[in-house]
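Since the structure comes first, as structure tokens, the remarks are kept for the end.
Read-outs throughout are calculated quantities, based only on the coordinates presented, and are distinct from any laboratory measurement. Here the structure is a predicted model, which is why all the values come from computation and not from measurement.
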Amino acid sequence: MSLHQAHNFKGKELSLGKCGEYYAIFTLSKQGYTVYGSDQGLPYDIIVDVEGTLLRGQVKSTWGTGDYGKSKSVYRFGTRSGKGGKRTKALMCDFYAFVAIHDEKIGFMASDELISSINPGIVKQTFEFRSQDILYPNRTYPNGTVSNLSARNIEDFSDFSRIINSMKEK
């Protein structure tokens, strides 16, 4: 894709969202799951059939990495949905698929992993991943503590079986 095409694509949220949904379906199918797209207007975008249990998934897409204040070169995803950007209740879907279109990366997280500590039962409004492909400088605090900025790499969440295993443990 040329730089001109990428620039034009970035402004089209619906196209970005659909591309993310197709990429999530492709990735899950490649991992051996049966996946269906959902109808418009539902609080989830895809359905994954896991041995007869249907799991509802919300797909969130971003073009690529960006800088947001002190967060540098991160994939940032908004979790609000629908017109007017409604906050999402955790029980509306079982998992989230976070898709970075340009870099063709995906991370899966169970809805209960994204619950806001301030608003119980509500999913965090934004979520960020880093990438193992980018070198991030660690920060050393005055007390000697060193921050680990590679703690949440998108690549560590790319296997959907992690979601299934976490649900079985409950």
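Values computed for the structure shown
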{"quantity": "Per-bin percent of Cα-Cα distances, the chain [5 Å]", "calculated": "1, 8, 16, 20, 21, 16, 10, 5, 2, 1, 0"}
{"quantity": "The stretch 116-170: equivalent-ellipsoid semi-axes (sqrt of 5 x gyration tensor eigenvalues, Cα, Å)", "calculated": "26, 18, 12"}
{"quantity": "Entries in 70/105; 72/168; 60/168; 12/60 that, when Cα-Cα distance is taken, lie over 26 Å", "calculated": "72/168"}
{"quantity": "Mean Kyte hydropathy of -1.0 or more with a Cα span along the axis of at least 18 Å, helices from DSSP in the chain", "calculated": "13-30"}
